[in-house]
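For reference, the structure discussed in these notes is given below.
The values are calculated or read from the model by the stated rules, or taken from the named source; none is laboratory data. All values derive from a computational prediction rather than experimental measurement. Note that each Cβ is placed from the backbone with ideal geometry, even for glycine, and that neighbours are counted across all protein chains shown. Side chains are part of the model used for accessible areas, which takes the heavy atoms of the whole protein and leaves out ligands, DNA and RNA. Shrake-Rupley method; radii C 1.70, N 1.55, O 1.52, S 1.80 Å.
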Amino acid sequence: MRMLSHETKAARTDLPKPTDATNAGATTAHPRGVRKWAVWTFKYGILSLGAVIMILPFADMLIGALRTPAERLARPPVYWPTIPQWHNFIRAFTDLPMLAWLTNSVIVTGSITAVQLATSALAGFALAKYRFRGRNLILRFVLVAQIFPFFLFIIPMFFILRYWPFAGGNDWLGQGGTGLLDSYLALILPFAVSWYGVFLMRQFMMTVPDELLDAARIDGASEFGLFWRIALPLVRPGMVTLGLLVWIYHWNEVIWTMTVTRAAPELQTVTVGIQLLRSEFFDERNQSLQQAALAVSVIPVIVLFLCLQRFYVRGLSMGSLKG
Amino acid sequence: MSPLSLNPAKMLTQKTAPYLFLVPVLLFGLVFFALPLAASLYLSFTSWNSLVAPRWIGSANYEHLFTRDPLFLKTLLNTLVFTVGVVGIGVPASLLLAGVFSRSRYQALWRSIYSLPMVTNVVAVGFIWWFVLADPWGVLNRFLALIGIAGPAWLNDPSTAMIAVVMVFVWMHLGQNMLLFSAGLGAIDESLHEAARIDGAGEARIFWSITLPLLRPTILFVLITSVITAISYFALILVLTEGGPVNSTNVTALYIYGMAFTDLRLGRASAAAYVLLVVIFLVSLLQLRVLRRGGVEAY
């Protein structure tokens, strides 16, 4: 044993110095226990500090939501509310069109999620499990298309919906009416497909074994049957992942919805609703109510995420590691 | 039954099925990808206010942006500062956090906490921070006052507004990048670290010589997506400062949005959008080239 370790050491004298230096430092200057303790402190110190920075702004919002207007108007303002005003959360529903906003958010987000899941799963299945002319071209396009940022599409898409033929009083040339702008379709159609979703579902569909599909074909299953009865049940975790990603993204979407619903308040979602309160946010008497409204807009997504977060993490890593 | 029957079940053979499955995606690609890109390229050579027909003016929009619109150039500079700020601070910070996170216990707890900002809508993020930063009664300045520092007016001071916006953006995206990095770290074979440790390498050296090179694909992915996001981003700035004070946080994407939907200069806004797209392409290519040299062939 001693011979062996001696030999190893001798054989390694040509290695760079730092190896030995750090080793010596670890054992003599810092006894093992002290060093371990330092690493532990560093590790959990950083994590805790970051966690506090993550949580504090939310706490500030929740504390703010429980103040009375008088407490906010005092100089200096009272930070800790003497009696928590829980009814501010009820007022967010009675004094603001919160219920209508939430309904719109659910309708729009739910529709986009359902449609994107359908289009992504079908396309992902085709791209993963068939060999056909043009496949590589489409695949490359799906990857490149993800780079095009959304701001590029805001202007032309707005007017494509505006001049949509035979919709909203338009003639066949798209003139005379408002097109699709005053309908839920304006909020849903532009997001019917996401290139990221197609790519992600293709990654999941790759895991479906070809032998299973071939066996079903021999048994007389139709091509759609292969997709519906075999592939889809196997990639159910992938569907949950994509569904969660899409739901969170579109529940939180604000730029497009704000652009389209400026003239159609009855279509406003909760994020646009609280954004349009902006001018009133600066009136200190209303701030508690508005902080309560913010909390209402945030909490459903946080709860959903906390329940399904393992799927979210999986989606993140699938999206970044290309197959 | 004629041989040309339109029975859907019969049309769906192994040859035709992939094309039919791709129909929705291809249609969408035509109407909501190719058509918008072509339309805005055309518009960028016109003058258009959406009320009367577009008027062809050649490259005048592009010339105007670069020669007679100092604000456009200022917004490009602001975009550069914003991008360098959020990537330069956000990426190393999330890498450090991922490093400690992936070796810690109670990961589900940490993950939940660090994910809170990234699942929160940008309007709420903007206002939550507006309340924290707004002077003089924001909680941040109250805290600074406790330790004897007179905090600046953050969002109302042109010299600090960009810093505040960068801080909030980093806060918002920290969790996502941390999770991406920790997924990358998790994919590294732990036995390589063990071997290096047995050979007596210190933790710092292991990090530089083993972890970092193996993490390159993830770093490349996070860098490129972060840079693209940062260059084309404006939602948070719209909520937090609306580009002010005195345009100190006005980035190009926000400037384009206002040009289009407030000033109704749709031709010029389209031209500016294309300029920004070219910038994004060039920066992405540059990053790919530089980082690929290190042996990243995954892309």
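Looking only at segment B:122-131, how many residues end up being within 24 Å of the chain's Cα centre (by Cα) and at the interface with chain A (Cβ under 7 Å from one of its Cβ atoms)?
Adding up the residues that qualify gives 6.
Please work out which residue is farthest from the other protein chains (Cβ to nearest Cβ), limiting yourself to segment A:144-160 and to residues that are farther than 24 Å from residue B:52 by Cβ and not hydrophobic (A, V, I, L, M, F, W, C).
Per the stated criteria, the residue is A:146.
Looking for something in contact with a Gly (Cβ under 7 Å, 6 or more places away or on another chain), within 12 Å of chain A (Cβ to nearest Cβ) and open to solvent by less than 50 Å² (accessible area, probe 1.4 Å) - is there at least one such residue anywhere in segment B:58-65? Lay out the reasoning, then the answer.
Residues of segment B:58-65 that are in contact with a Gly (Cβ under 7 Å, 6 or more places away or on another chain), as a first pass: B:61.
Next, only the ones that are within 12 Å of chain A (Cβ to nearest Cβ) stay: none.
Checking segment B:58-65: not a single residue is in contact with a Gly (Cβ under 7 Å, 6 or more places away or on another chain), within 12 Å of chain A (Cβ to nearest Cβ) and open to solvent by less than 50 Å² (accessible area, probe 1.4 Å).
Conditions tested, residue by residue: (1) at pLDDT 90 or above; (2) hydrophobic (A, V, I, L, M, F, W, C).
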| residue | (1), (2) |
| --- | --- |
| B:71 | yes, yes |
| B:80 | yes, yes |
| B:90 | yes, no |
| B:108 | no, yes |
| B:113 | yes, yes |
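Can you confirm whether segment A:114-136 contains a residue that is of a type in the set (A, V, I, L, M, F, W, C) and either part of a loop (DSSP other than H, G, I, E, B) or out of contact with any helix residue (DSSP H, G or I) (no Cβ under 9 Å at 6 or more places or on another chain) (or both)?
Initial filter on segment A:114-136 (of a type in the set (A, V, I, L, M, F, W, C)): A:114-115, A:117-118, A:121-123, A:125-128, A:132.
Filter once more, so that each one left must be either part of a loop (DSSP other than H, G, I, E, B) or out of contact with any helix residue (DSSP H, G or I) (no Cβ under 9 Å at 6 or more places or on another chain) (or both): A:132.
Yes, segment A:114-136 contains at least one residue that is of a type in the set (A, V, I, L, M, F, W, C) and either part of a loop (DSSP other than H, G, I, E, B) or out of contact with any helix residue (DSSP H, G or I) (no Cβ under 9 Å at 6 or more places or on another chain) (or both).
How many residues, within segment A:287-300, are surrounded by fewer than 22 Cβ atoms within 10 Å (Cβ to Cβ), out of contact with any Leu (no Cβ under 9 Å at 6 or more places or on another chain) and facing chain B (nearest Cβ under 9 Å)?
Residues flagged as surrounded by fewer than 22 Cβ atoms within 10 Å (Cβ to Cβ), out of contact with any Leu (no Cβ under 9 Å at 6 or more places or on another chain) and facing chain B (nearest Cβ under 9 Å) within segment A:287-300 amount to 0.
Enumerate the pairs (first residue in segment B:98-121 and at the interface with chain A (Cβ under 7 Å from one of its Cβ atoms); second residue anywhere and open to solvent by less than 30 Å² (accessible area, probe 1.4 Å) and not in a helix (DSSP H, G or I)) with beta-carbon separation below 7 Å, excluding pairs fewer than 6 apart on the same chain, so at least 6 apart or on different chains.
These pairs meet every condition: B:110/B:104; B:121/A:252; B:121/A:254.
Can you tell me how many residues in segment A:137-176 are in a loop (DSSP other than H, G, I, E, B) and over 19 Å from residue A:193 (Cα atoms)? Give the steps one after another, and end with the answer.
We begin by selecting, within segment A:137-176, every residue in a loop (DSSP other than H, G, I, E, B); these are A:146-150, A:163-176.
Still in the running and over 19 Å from residue A:193 (Cα atoms): A:163, A:165-176.
Going through segment A:137-176 one residue at a time, the tally reaches 13.
Would it be correct to say that residue B:208 is in contact (Cβ under 8 Å) with a residue 40 or more places away in the chain and either out of contact with any Phe, Trp or Tyr (no Cβ under 8 Å at 6 or more places or on another chain) or within 11 Å of chain A (Cβ to nearest Cβ) (or both)?
Details: in contact (Cβ under 8 Å) with a residue 40 or more places away in the chain: no; either out of contact with any Phe, Trp or Tyr (no Cβ under 8 Å at 6 or more places or on another chain) or within 11 Å of chain A (Cβ to nearest Cβ) (or both): yes.
No; evaluated as a whole, the condition is false for this residue.
Criterion first (basic (Lys, Arg) and either touching a helix residue (DSSP H, G or I) at 6+ places or on another chain (Cβ under 9 Å) or at pLDDT 85 or above (or both)) does residue A:2 satisfy it?
Values: basic (Lys, Arg): yes; either touching a helix residue (DSSP H, G or I) at 6+ places or on another chain (Cβ under 9 Å) or at pLDDT 85 or above (or both): no.
So residue A:2 fails the test.
Is it the case that segment A:29-39 has a residue that's farther than 23 Å from residue B:102 by Cβ, open to solvent by 50 Å² or more (accessible area, probe 1.4 Å) and within 11 Å of chain B (Cβ to nearest Cβ)?
There is no residue in segment A:29-39 that is farther than 23 Å from residue B:102 by Cβ, open to solvent by 50 Å² or more (accessible area, probe 1.4 Å) and within 11 Å of chain B (Cβ to nearest Cβ).
Just the residues that are open to solvent by 10 Å² or more (accessible area, probe 1.4 Å) and touching a residue at least 24 places away in the same chain (Cβ under 8 Å), please, taken from segment A:204-226.
Correct list: A:204, A:206, A:207, A:210.
Scanning segment A:158-188 for residues that are of a type in the set (Ser, Thr, Tyr) and within 30 Å of the chain's Cα centre (by Cα), which turns out modelled with the highest pLDDT? Give the derivation first.
Of the residues in segment A:158-188, the ones of a type in the set (Ser, Thr, Tyr) are A:163, A:178, A:183-184.
Next, from what is left, pick out any that are within 30 Å of the chain's Cα centre (by Cα): A:183-184.
Working: A:183: 88, A:184: 92.
Only one residue tops the list, namely A:184.
For (1) touching a residue at least 24 places away in the same chain (Cβ under 8 Å); (2) among the charged types (D, E, K, R); (3) surrounded by 20 or more Cβ atoms within 10 Å (Cβ to Cβ), each residue gets a yes or a no:
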position	(1), (2), (3)
B:214	yes, no, no
B:222	yes, no, yes
B:245	yes, no, no
B:263	no, yes, no
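Restricting the search to segment A:227-237, which residues are farther than 16 Å from residue B:17 by Cβ and in contact (Cβ under 8 Å) with a residue 60 or more places away in the chain?
So the first thing to find is which residues in segment A:227-237 are farther than 16 Å from residue B:17 by Cβ, and the list is A:233-237.
Matches in segment A:227-237: A:235, A:237.
Within segment B:136-168, which residues are open to solvent by 60 Å² or more (accessible area, probe 1.4 Å), within 23 Å of residue B:234 (Cα to Cα) and within 12 Å of chain A (Cβ to nearest Cβ)?
The first filter runs over segment B:136-168 and keeps only residues open to solvent by 60 Å² or more (accessible area, probe 1.4 Å), leaving B:136-137, B:142-143, B:145-150, B:156, B:158-159, B:163, B:167.
From what is left, the residues that are within 23 Å of residue B:234 (Cα to Cα) are B:156, B:158-159, B:163, B:167.
B:156, B:167 - these are the residues of segment B:136-168 that are open to solvent by 60 Å² or more (accessible area, probe 1.4 Å), within 23 Å of residue B:234 (Cα to Cα) and within 12 Å of chain A (Cβ to nearest Cβ).
Of the residues in segment A:129-143, how many are of a type outside the set (Phe, Trp, Tyr) and within 10 Å of chain B (Cβ to nearest Cβ)? Don't jump to the end; show me each part of the working.
Residues of segment A:129-143 of a type outside the set (Phe, Trp, Tyr): A:129, A:131, A:133-140, A:142-143.
With the extra rule that they be within 10 Å of chain B (Cβ to nearest Cβ), the set shrinks to A:129, A:131, A:133-135, A:138, A:142-143.
Result for segment A:129-143: 8.
Output the helices (runs of 4 or more DSSP H) that fall wholly within segment A:210-323 and possess 2 or more residues being among the charged types (D, E, K, R), or say none. Step through it out loud before you land on a result.
Working: elements: A:210-218, A:236-251, A:255-261, A:270-276, A:278-281, A:287-320.
Passing ranges, in order: A:210-218, A:278-281, A:287-320.
Do we find that residue A:77 is touching a Lys or Arg at 6+ places or on another chain (Cβ under 9 Å), surrounded by 14 or more Cβ atoms within 10 Å (Cβ to Cβ) and closer than 25 Å to residue B:127 by Cα in this structure? Break it down into steps so the answer makes sense when it comes.
Working: touching a Lys or Arg at 6+ places or on another chain (Cβ under 9 Å): yes; surrounded by 14 or more Cβ atoms within 10 Å (Cβ to Cβ): yes; closer than 25 Å to residue B:127 by Cα: yes.
In short, yes.
For segment B:247-257, enumerate the residues that are more than 11 Å from chain A (Cβ to nearest Cβ) and open to solvent by 20 Å² or more (accessible area, probe 1.4 Å). Let's see the steps before the verdict.
If we filter segment B:247-257 for residues that are more than 11 Å from chain A (Cβ to nearest Cβ), which is where we start, we get B:247-250.
Passing the criteria: only B:247.
Kindly list the number of the only condition in (1) without any contact (Cβ under 8 Å) to a residue 24 or more places away in the chain; (2) open to solvent by 40 Å² or more (accessible area, probe 1.4 Å); (3) not hydrophobic (A, V, I, L, M, F, W, C) that fails for residue B:200.
Just one mismatch for residue B:200, condition (2).
Which helices (runs of 4 or more DSSP H) sit wholly inside segment B:185-299 and have at least 2 residues that are under 20 Å from residue B:36 (Cβ atoms) and at pLDDT 90 or above? Lay out the reasoning, then the answer.
Working: elements: B:190-198, B:203-206, B:216-231, B:235-240, B:252-261, B:266-292.
Answer list for segment B:185-299: B:216-231, B:252-261, B:266-292.
Does segment A:207-228 contain at least one residue that is facing chain B (nearest Cβ under 10 Å) and closer than 22 Å to residue B:28 by Cα?
So far as segment A:207-228 goes, yes, one or more of its residues are facing chain B (nearest Cβ under 10 Å) and closer than 22 Å to residue B:28 by Cα.
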